[in-house]
1. When residues of the range 202-216 are filtered for being over 24 Å from MET145 (Cβ atoms), in contact with a helix residue (DSSP H, G or I) (Cβ under 6 Å, 6 or more places away or on another chain) and touching a residue at least 40 places away in the same chain (Cβ under 8 Å), how many remain?
2. Return the residue satisfying two criteria in turn: it lies in the range 234-252 and is at pLDDT below 95 and farther than 18 Å from VAL174 by Cβ, and of such residues it is surrounded by the most Cβ atoms within 10 Å (Cβ to Cβ).
3. From (1) part of a helix (DSSP H, G or I); (2) surrounded by fewer than 19 Cβ atoms within 10 Å (Cβ to Cβ); (3) modelled with pLDDT of 95 or more, pick out the condition that doesn't hold for GLU31.
4. Is there a residue being of a type outside the set (Asp, Glu), on the phi < 0 side of the Ramachandran plot and more than 15 Å from the ligand (Cβ to nearest atom) anywhere in the range 5-16?
5. Determine which single condition GLY231 fails, assuming it passes every other condition in (1) within 12 Å of the ligand (Cβ to nearest atom); (2) surrounded by 22 or more Cβ atoms within 10 Å (Cβ to Cβ).
6. Just name the residue that is nearest to the ligand (Cβ to nearest atom) out of those in the range 167-190 that are out of contact with any strand residue (DSSP E or B) (no Cβ under 7 Å at 6 or more places or on another chain) and closer than 20 Å to VAL155 by Cβ.
7. Exactly one of these conditions fails for ALA39: (1) surrounded by fewer than 18 Cβ atoms within 10 Å (Cβ to Cβ); (2) part of a strand (DSSP E or B). Give me its number.
8. Has the range 245-252 got any residue that is more than 16 Å from the ligand (Cβ to nearest atom), over 18 Å from the mean Cα position of the chain (by Cα), farther than 29 Å from LEU20 by Cβ and of a type outside the set (S, T, N, Q)?
Amino acid sequence: MSQRPYIVGNWKMHGTRAMLTEARAIDRGAERLLKAEVAIAPPTTLIHAARREAGLIGIGAQDCHAAEGGPHTGDISAAMIRDAGADFVIVGHSERRQDHGESNTDVRAKAAAAIAAGLTVIVCVGETGAERDAGQAEAVVGAQMEGSLPAGEGVAERITVAYEPVWAIGTGRVPSIDDIAAMHRSIRDKLVALYGEAGAGVRILYGGSVKPDNAAEILSVKDVGGALVGGASLTAESFLGIVVAAAEAAST
Ligand code: PEP
């Protein structure tokens, strides 16, 4: 792996201030594991406090609104997220696409807004189980990328793509290593088609039931530049187990 593996915890709608002890412990652990780049995306309510507790790791949000401001009750702009102390935002997670009906166009607008506000962006893509069974996984993910990734000078440098098969999220099911390799190769080809040479440097994360005991194998696959982790990021113990695997994969 040429870049440091990027291990990102997505806390989803979990966590009150009591969970800041986990953020602090993750930060302390990451200090010893500099071969991996570590970040967490806590709920928005914890971003500011997590930034104060954890000085080394990246802190991000799980969504942002596409507008700079205005009459959008309950929404949060990218600039507000940055002001709260975040460095990045996750957009297009399948739970947002499903729960909030977010389209590729919406995701692209959010990603563009985040970049304009000075954040980096993790754009999520991934097929459903039915789409994989129908042999459409690569076509679906390719179309999501075409629709969700913003274009423009310097954009590729601020984007990470997370491949998260919907059927693997929170289920304990993981694609075969061959399938992960094939999909990441296909995503890389699409990134180069979209961004030219800069597309070769975009990090691609795998997400979906990553745990300390399967992380090393997944992270050793070509073009897997890290992991987006849900359930296993909620305690420092399991998340740091994945970070250790990533740091070891980076040393080999
Ligand atoms: C996620 O929701 O981004 C995710 C990968 O979840 P889990 O690790 O729990 O499958």
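The values are calculated or read from the model by the stated rules, or taken from the named source; none is laboratory data. Please read all numbers here as calculations on a predicted model, not as lab measurements. Counting neighbours? That spans all protein chains shown, and the Cβs are built from the backbone with ideal geometry, glycine included.
1. Kept after step one, since they are over 24 Å from MET145 (Cβ atoms), are these residues of the range 202-216: 211-216.
Now drop any that are not in contact with a helix residue (DSSP H, G or I) (Cβ under 6 Å, 6 or more places away or on another chain), which leaves 211-212, 215-216.
Cutting the leftovers down to touching a residue at least 40 places away in the same chain (Cβ under 8 Å) gives us none.
Qualifying residue count, the range 202-216: 0.
2. Taking the candidates together, the pick is ALA247.
3. (3)
4. First, pick out the residues of the range 5-16 that are of a type outside the set (Asp, Glu): 5-16.
If we keep only those that are on the phi < 0 side of the Ramachandran plot too, we end up with 5-11, 13-14, 16.
Next, only the ones that are more than 15 Å from the ligand (Cβ to nearest atom) stay: 5, 16.
Yes, the range 5-16 contains a residue that is of a type outside the set (Asp, Glu), on the phi < 0 side of the Ramachandran plot and more than 15 Å from the ligand (Cβ to nearest atom).
5. (2)
6. LYS190
7. It is condition (1) that ALA39 fails.
8. Looking for residues that are more than 16 Å from the ligand (Cβ to nearest atom), over 18 Å from the mean Cα position of the chain (by Cα), farther than 29 Å from LEU20 by Cβ and of a type outside the set (S, T, N, Q), one finds none in the range 245-252, hence no.
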